[in-house]
Structures are given as C-alpha cells and as structure tokens.
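Read through the structure below, which is laid out as structure tokens, and then see the notes.
No value in this document is a laboratory result; all are computed from the given coordinates. No experiment lies behind these values; they were computed from the predicted model shown. Quick reminder, even Gly has a Cβ in these numbers, built from the backbone with ideal geometry, and neighbours come from all protein chains shown.
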C-alpha cells in the first residue's frame, strides 16, 4: 500500500531504463513529488544539477556511458550536498562497498516496490533536514566561539590603554605628591575618572554582546521622558576633550515626554552613535542631533560632518568587528553599530544611514513606543 505524503520535494531520476524511470516518475507525481527531470547518464545528471538543484536524487548504478552512478554521485557531491538513494539491480559486496563509500541515504534493489521507495524518500528528506538543522547549530556555535575569541582579544587590547593611564597617574600622585600643584592634581584626577568611564563603557558593551549572543536579551520598556533622558546622555558625553573637538547641536520636536521604551537600550543606541560621530569628526566640527516624537514613536537622527563611510562598507555596516579602511588609528572594537542594530531591533524599530566620504554620516533611528506595538519580544 502506498503512503501519500504532504511533503512536496523536487526529485531527479537518473536511470538508463526509460520505461522503469517513467513508471517511477508517474507514481512519484501521484504521491505529490515533483520530478524535475529524467536522465540516463552521469554527464546529464551533473548538467541537470547545474541547472536546477533537486531535493533528492534517485540514482541507478548502471548508466549509459562509461561512468557509473557511483561515479556520478562522487562528482555531484563536489557540487552540492544533495541526498542520494541508489535504485539498482546490483547487490554484490563490491558494488555495495563502493556505494556505501559515497554515504547514500538509501540503497534499494530492483525490482522496485513503490511503497518502499516512497518511505525511503521520506526518511531521507527528514534525515537531511535534521542534518541541516544540526549543521546550522554547529555553524552558529563556531561563529559564537570565533566572536568570543575576537571580542576577548580586542577588549583586552582596549582595556590596556585606560588601565595604563590609571596606573601611571596613580603612581605620579603617590610618589610626587609634594611637587604636584593643585591644578595638575585636579587634571590628573579628571584623567583617571575619564579612564574609569572608558572601562565602564567597555564593560557595558561586553555585557550587552554576551547577553545578546547567549539569547538572554532583556527588553524592558518603561515610560520615560525621552527628551530629558536624551539631553542627559548628550551632556554626559560632552567631556572636556569631546567639547574641544566637537560641538553638539541638539534640537527636539513634538511631545517626547511619554514614550514607552527600554531605557538601557536607548542608552546603548544614543551613546554609541554620538561616540562614533565624535570619533570620526574633525576638530571644530558640529554634530547635529535631532529628536522628534509623537505618541507612537521616537525618531533620533545624529548627523556628523566627518570622514564618512566608503560605499563598499555600507551594506555590511552592522556586522561585528567591521571597521572601514579610512578610520586609521582611531580606537574602537568595531562592535558599536552591531550593538545599536540589536537594540533597535529589540524595539521593532529601524535604522538607516546616509554617508559620503569626507562629507559626513547621518544615522536615523525610529523606535515605536511599546504601547503602540502589538508585537512582543
């Protein structure tokens, strides 16, 4: 008895007995499969694979021409990972050994029983699907391992600078207390405070990335006054060094006092974008920050007039560790925009970028208020 299947799969039949092949094709079509083509030689099978990839191949071992079905499978496996079931009249130990070496998903002997062919196809498709899921998980694990290794190496390097500053200035304050003026002491303490701030920034980014990649990504929207909060973030970013380099011009429009957003994620978005705008601007440049709100959403745009981003980097701008070739020796992990993208997507928002080399870059972020979205994280 034939078992009908709801799974539609594309099948390539490679069989030198055309009567057998067409009979099998008719049965498979009745069962809901789609037979892409019937071919009778290794060369035709390989050519067919190049034109259209089937989900599964039913392969005879004896084919027209000099190459066997086993040879054909060996060549096809170099092109694509497609499951193969052998349908053959040969069951001798040597043929079986050669066939097994190609890792088939099934081996059925003629005369064929169509119910067994159908079951073999269903099992092969399920096994192939499970293997793809497993491979995807393995690839993800490999990617995470690489990400962690690179992140550890880069953060270790980035931590070394502020730690060196702190050690040097503490040593000076301890060993030259009497010679240091009050003004110099104040300046050194401010430098230590700034170095500690840099360390805290790095820790926040590392913690964010670790939570995101581990799937432990908190999204906790709360009612906030977006105008007041963004003003506070901008003020906190205006250290003496930053203020000497750039002037931030902030403007706001609309009612920004009652929006439901994740305060922590908004911090990551705003601080990373402003930090980048300052880093990649020239001395004396202005940075334009605009906040526009209504009852449904917040729109934040940050426009610098600095070095800009080359066109070839724009499509992959939010990938981790990506840094354009024109950044020179400007420090950074290359993770800021990756973090921004994650935080924006957690809000079901969107981010766009416009940039021109040596002219500047404008990022625009749109975050819907949690009250206005029926979606849940």
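Numbers for the structure displayed
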| item | result |
| --- | --- |
| Beta bridge orientation in the chain: antiparallel %, DSSP, nearest 5 | 50 percent |
| Sorted by Cβ density within 10 Å, fewest first, the residues 90, 176 | 176, 90 |
| 222 nm mean residue ellipticity, helices alone, for the chain (DSSP H n ≥ 4; -39,500 (n - 2.57); rounded to 500) | -16500 deg cm²/dmol |
| Three semi-axes of the equivalent ellipsoid, the range 221-372, Cα gyration tensor, whole Å, largest first | 25, 18, 13 |
| The range 71-115: proportion of alpha-carbon pairs further apart than 12 angstrom, % | 63 percent |
| At R0 = 41 Å, FRET efficiency that the Cβ-Cβ distance of residue 29 and residue 316 yields, to 0.05 | 0.40 |
| Most fluctuating residue given options 46, 278, 302, as computed from a GNM of the chain linking Cα atoms under 10 Å | 46 |
| For the range 10-112, alpha-carbon Rg relative to the globular expectation (2.2 N^0.38 Å, N residues) | 0.97 |
| On Cα atoms only, tilt of 114-175 relative to the major axis of the chain in degrees | 20 degrees |
| Fewest-first ranking of 169, 298, 58, using other Cβ atoms within 10 Å as the exposure measure | 169, 298, 58 |
| Contact order normalised by residue count of the chain, Cα under 8 Å, 6+ apart, percent | 10 percent |
| Cα-based helix-to-principal-axis angle, 18-30 vs the chain, degrees rounded to 10 | 50 degrees |
| Gain on full stretching of the segment that runs from residue 79 to residue 250 - 0.36 nm per residue minus C-alpha separation | 55.9 nm |
| FRET efficiency, residue 51 to residue 138 (Cβ-Cβ, R0 22 Å, nearest 0.05) | 0.15 |
| Degrees between helix 263-279 axis and first principal axis of the chain (Cα, 0 to 90, nearest 10) | 80 degrees |
| Exposure proxy ranking, count of Cβ atoms within 10 Å, fewest first, for 201, 171, 267 | 171, 201, 267 |
| Reciprocal of mean inverse Cα separation for the chain (Kirkwood radius, Å) | 26.0 Å |
| Simple label model, 7 Å out from Cα along Cβ direction - residue 286 to residue 232, nm | 2.8 nm |
| Efficiency of FRET between residue 177 and residue 197 - r from beta-carbon atoms, R0 22 angstrom, step 0.05 | 0.35 |
